[in-house]
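Heads up, the thing below is written out as structure tokens.
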Amino acid sequence: MELKSFIYPMLLIVGLFQACSTIPEPLNNYATNVKEVVGKVGLTESLLPSKPFSTFKQHENDRSFHADIAFYETVLSYGPIEDPNPIFLLANAYIASNQQDYGIPYFESIIERFSPQMNNGTKSNYLSAYALLRASYAERVGVLSRIGWIKDTFQVLEEAKELSNDNPLVYWVSGIVYAQVPKFFNKRKEAMVNLRWLESRPELEPTPGFYREVYHYMSKLYLEDGNQDLADAYLAKSGYTEYVPKQLFTGWFSTTKEKGLLFAPKPSIEEVVQGRIFALRGFGFSDLYFVVSKDGEELISIDAGTQPFSLKAGHEFLIEHYPNLPPLRNAIITHAHWDHVGGHSYFKSLDSTFTFYGRENFHGTVERVLKNHSYHQFRGFGFKAHWVGHYAPDSIISTRRRIHIGRSEIELIPVSGGETEDALLAHFPELGVVFMGDALMPFYGEPWTEEGDIDGALEVMDTTLELNPKYLLHGHIGITVLYEDSKQLQLYRNAYGWLVNETRTHLRNGYSAKDIIRLNLIPPGIQNTPEIFIGYLSPRDHVIARTADHMVGIWQEEVSGKDPEGLDVITSVERGRLLELYLDLSEKQVTRALEKMLENGDNELALQMAIAAEARYGKDGKITPLKEEAADRLRSSVQFFDPFKFVTYTEIIEKEHHIISD
């Protein structure tokens, strides 16, 4: 997101421009107890926005549909929450979809209605998100009102900072906004103060990767000051040396041709249980876990990484930081996906007697992994099939079994899994930990592959809840954040079961997966448990799609009967013919149409049409930058919880998203 057009016409002839759109007035009713509103949605009784917020609806004729916005507008309408993540995810969704004219009055209504119930920290979060929305909207405010609008935005930020002086979100928004306003506001120095405050406090980073834009805008400020060396250094640190995205990126994903997709913006170690469990991230797509045995004589690996070189780098990184760890001679394989066994040959190189514990039915998972994908930045261009194809467990686990390594008792529990049929839970009772692998990966199988077990996921959750662990450690940090303990898992299990049942009901009655996704299915009562908001939303659309995949044929019905899927073979070729041959549009007209799509938040449509137009009109004009903007907006909206979409959109525009460097 750039705010460079914050003020640009203001120095021209004042008064020639008016606001591009009118912002609705916020609602003016205060509430103490918000009554639940449940209504018929399709064939389901689903949670709806609370009555005061009933006007914030997804009207398909005049507002582009975005599942995340529809969800958050509903659940957040029932009162303030302390967790800043849903608040900022909603703000980000508004910005990515260009729906600030809905988002600003929504946040004004939330703050006005619920402010008396907010503590200082919570109100500071809401005000910061609101200020970010206002800043990103400023270019659409009429010239006569723009300076006042910007100064009012500054006041919102100052109020947020006064309420919570150590809130990194306030400093982040302030730094990003102040770095972009015109110089006559005299905010450059204050911008750098805010950004340096964040840089000096890495421990306050809300999520890994959140400081990427901090380094990016520090680079911009140093460049404006004529300090090319520092500008280059901070740009490199941000990872934007080759391509600067057209949206803000604060998530943990990175994807490059060399290393493939990483679920972390930079290498890191977390000591989950002091001296006993270590989590490493940024070394391949999956997280690496190492456990010190009870007697301190053995180091046990959970899974075997993505590539031999990334696993080797992760292991050496661990030894560098903890040089007195015991030798590594055993690994427990939670499932045989490429990112969990791809580095197994490195472990064998350490010790020819190295032992892998894994399921007996791993062959099917390995065979599916060996498929050659069109998209190479999932695994990296140098991915070798034999890294996975040569894997086989040394100790076969086909039934529930207890093993002992270095006096640590480990319960190995085969389950059918939500993702693969060879899932294996590793329970360390002494530590109160269950290593889940990807049994609850929100996609319930790799999206490009026919796999996943919707009912098996329920079995996994029920089995895990019976163990009542203190920690749930999953194969990727994003899943661990979603379901980190038994309480979160139980809440998700309830919502998941409801969603699966309602999805199947609709599928049996002629609804397509797209129809169901657009219903915005939300289980009543979930508004009372904000800790599971993201844990429910993140997999929701994938659960619907995977359930449909298992229930329908090569054609999918559609509820109106007029838009079935699978009957035609229309591609970008036909869309390009539509633009040039049938609509007789010039490249300039197509460019304007794409701009209008983006202005109205139709990002998916814009990307599809830009791909078609680029093939028809060429890459030399303005179509390619608009294609990149559409993809960046889509990447921004999924940058926290959908790595597969993230890497797909990145590769469609032929870009890389590098890690943050030290």
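The values are calculated or read from the model by the stated rules, or taken from the named source; none is laboratory data. As the structure is a prediction and not an experimental result, all values here were calculated from the model. Cβ coordinates were reconstructed from backbone atoms using ideal geometry, including for glycine residues, and neighbour counts include every protein chain displayed. Please note that ligands, DNA and RNA were not included when accessible areas were found on the heavy atoms of the full protein model with its side chains. Shrake-Rupley method; radii C 1.70, N 1.55, O 1.52, S 1.80 Å.
Pairwise Cα distances in the stretch 452-526 exceed 17 Å in 53 percent of cases. Nearest 0.05, what FRET efficiency do GLU224 and LYS151 give at R0 = 30 Å with Cβ-Cβ as r? Computed FRET efficiency for GLU224 and LYS151 comes out at 0.85. What residues from the stretch 252-266 fall in the zone where the backbone N is under 19 Å from a label point 7 Å along the Cα-to-C-beta line of TYR375? What the label zone holds, given the 19 Å backbone N cut-off, is 252-265.
For a test of understanding, tell me how many lysine pairs in the stretch 216-271 have Cα atoms under 19 Å apart, given they are 8 or more places apart or on different chains. Show your work: numbers first, answer last.
On the way: LYS220/LYS237; LYS220/LYS246; LYS237/LYS246; LYS237/LYS257; LYS237/LYS259; LYS237/LYS266; LYS257/LYS266.
Lysine pairs, 8 or more places apart or on different chains, close enough: 7.
The 3J(HN,Hα) values that the Karplus relation (6.51, -1.76, 1.60; θ = phi - 60°) gives for the stretch 321-333 are, in residue order, 8, 9, x, 9, 6, x, x, 10, 9, 9, 9, 9, 9 Hz. Gly and Pro appear as x.
The residues of the stretch 459-524 present an accessible area of 38 Å² per residue when probed at 1.4 Å with all protein chains retained. Near LEU425, the amide H atoms lying under 5 Å from its own belong to ILE413, VAL415; only residues 5 or more places off or on other chains count, and H is placed 1.01 Å from N. Charge dipole (Cα centre; +1 on Lys/Arg Cβ, -1 on Asp/Glu Cβ; no other charges) of the stretch 594-662 amounts to roughly 200 debye. Can you grab the distance from the C-alpha centre of the stretch 436-454 to the C-alpha centre of the stretch 468-500, Å, no decimals? Centre-to-centre (Cα) distance: 15 Å.
Classify the stretch 297-404 from the C-alpha gyration tensor, please: rounded if a/c falls under 1.5, else prolate or oblate depending on whether a/b exceeds b/c. Verdict is oblate for the stretch 297-404. Rounded to whole numbers, the Karplus 3J(HN,Hα) couplings from phi for the stretch 445-457 are x, 4, x, 7, 10, 7, 7, x, 9, 5, 6, x, 5 Hz, using 6.51 cos²θ - 1.76 cosθ + 1.60 with θ = phi - 60°, and x at Gly and Pro. Based on the Cβ-Cβ distance of GLU466 and ASN528, what FRET efficiency does E = 1/(1 + (r/R0)^6) give at R0 = 22 Å, to the nearest 0.05? The calculated FRET efficiency here is 0.30.
More than 22 angstrom separation, counting every C-alpha pair in the stretch 275-484; what % is that? Can you show the working numbers first?
Details: 9558 of 21945 pairs.
Tail fraction, whole percent: 44.
Atom-type composition of the exposed protein surface of the stretch 95-195 places 49 percent of the accessible area on carbon and sulfur (1.4 angstrom probe).
Would you indicate which of (i) 13, 26, 17, 10, 12, 12, 8, 3, 0; (ii) 15, 33, 22, 20, 10, 1; (iii) 17, 51, 29, 2 is the value of P(r) over Cα pairs in 20 Å bins from 0, in percent derived from the coordinates of this structure? Evaluating P(r) over Cα pairs in 20 Å bins from 0, in percent on these atoms matches (iii). In sequence order, the stretch 110-121 has phi-based couplings of 4, 5, 5, 6, 10, 3, x, 8, 8, 7, 4, x Hz under the Karplus curve 6.51 cos²θ - 1.76 cosθ + 1.60, θ = phi - 60°, and Gly or Pro positions carry x.
Fraction of C-alpha pairs exceeding 27 angstrom in the stretch 79-238: 23 percent, rounded to a whole number. Counted over the stretch 202-351 with a bin width of 5 Å, the fraction of Cα pairs per bin, in whole percents, is 2, 9, 16, 18, 16, 13, 10, 8, 5, 3, 1, 0. Taking amide hydrogens as placed 1.01 Å from N in the peptide plane, the amide H of ARG329 sits under 5 Å from those of LEU299, each at least 5 positions away in sequence or on another chain. May I ask what percent, to the nearest 5, of DSSP beta bridges between residues of the chain are antiparallel? Antiparallel: roughly 70 percent of the beta bridges in the chain.
Among residues other than HIS376 whose Cβ falls under 10 Å from its Cβ, what is the net charge (Lys/Arg +1, Asp/Glu -1)?
Here the charged neighbours net out to +1.
So how strong a dipole does the chain carry about its Cα centre when Lys and Arg Cβ are +1 and Asp and Glu Cβ are -1, to the nearest 20 debye? Could you put the intermediate results ahead of the total?
Details: 64 positive and 89 negative charges, 214 e Å.
In total the dipole reaches around 1020 debye.
Sort the stretch 243-321 into rounded, prolate or oblate with this rule: let a ≥ b ≥ c be the square roots of the eigenvalues of the Cα gyration tensor; rounded if a/c is under 1.5, and if a/c is not under 1.5, prolate when a/b is larger than b/c, oblate otherwise. Spell out each step's value before the answer.
On the way: a/c = 3.13, a/b = 2.04, b/c = 1.53.
Verdict is prolate for the stretch 243-321.
Each part reduced to its alpha carbon centroid, the stretch 391-424 and the stretch 604-632 end up 48 Å apart.
How much of the DSSP bridge set in the stretch 275-484 is antiparallel, in percent, rounded to the nearest 5? Write down the numbers at each step before the final one.
Values: 21 of 35 bridges.
Taking every DSSP beta bridge within the stretch 275-484, about 60 percent pair in antiparallel fashion.
Treating each Cα of the stretch 44-94 as one equal point scatterer and applying the Debye formula with no solvent, the log10 of I(q)/I(0) at q = 0.25, 0.26, 0.27 Å⁻¹ comes out as -1.07, -1.12, -1.18. Heavy-atom surface analysis with a 1.4 Å probe gives the stretch 530-661 a carbon and sulfur content of 52 percent of its accessible area.
Sorting check: for 206-216, 267-277, which peptide has the highest mean count of neighbouring beta carbons within 10 Å, and how do the rest follow?
So the order, starting with the most tightly packed, is 206-216, 267-277.
Our note on the geometry: Cα centres of the stretch 639-662 and the stretch 272-302, 27 Å apart.
Dividing the alpha-carbon Rg of the stretch 556-643 by 2.2 N^0.38 Å yields what? Numbers along the way, then the final one.
Details: Rg = 14.5 Å, N = 88, 2.2 N^0.38 = 12.1 Å.
Ratio of Rg to 2.2 N^0.38 Å for the stretch 556-643: 1.20.
Short-range pairs are left out: with C-alpha atoms under 8 Å and at least six residues apart, the relative contact order of the chain is 13 percent.
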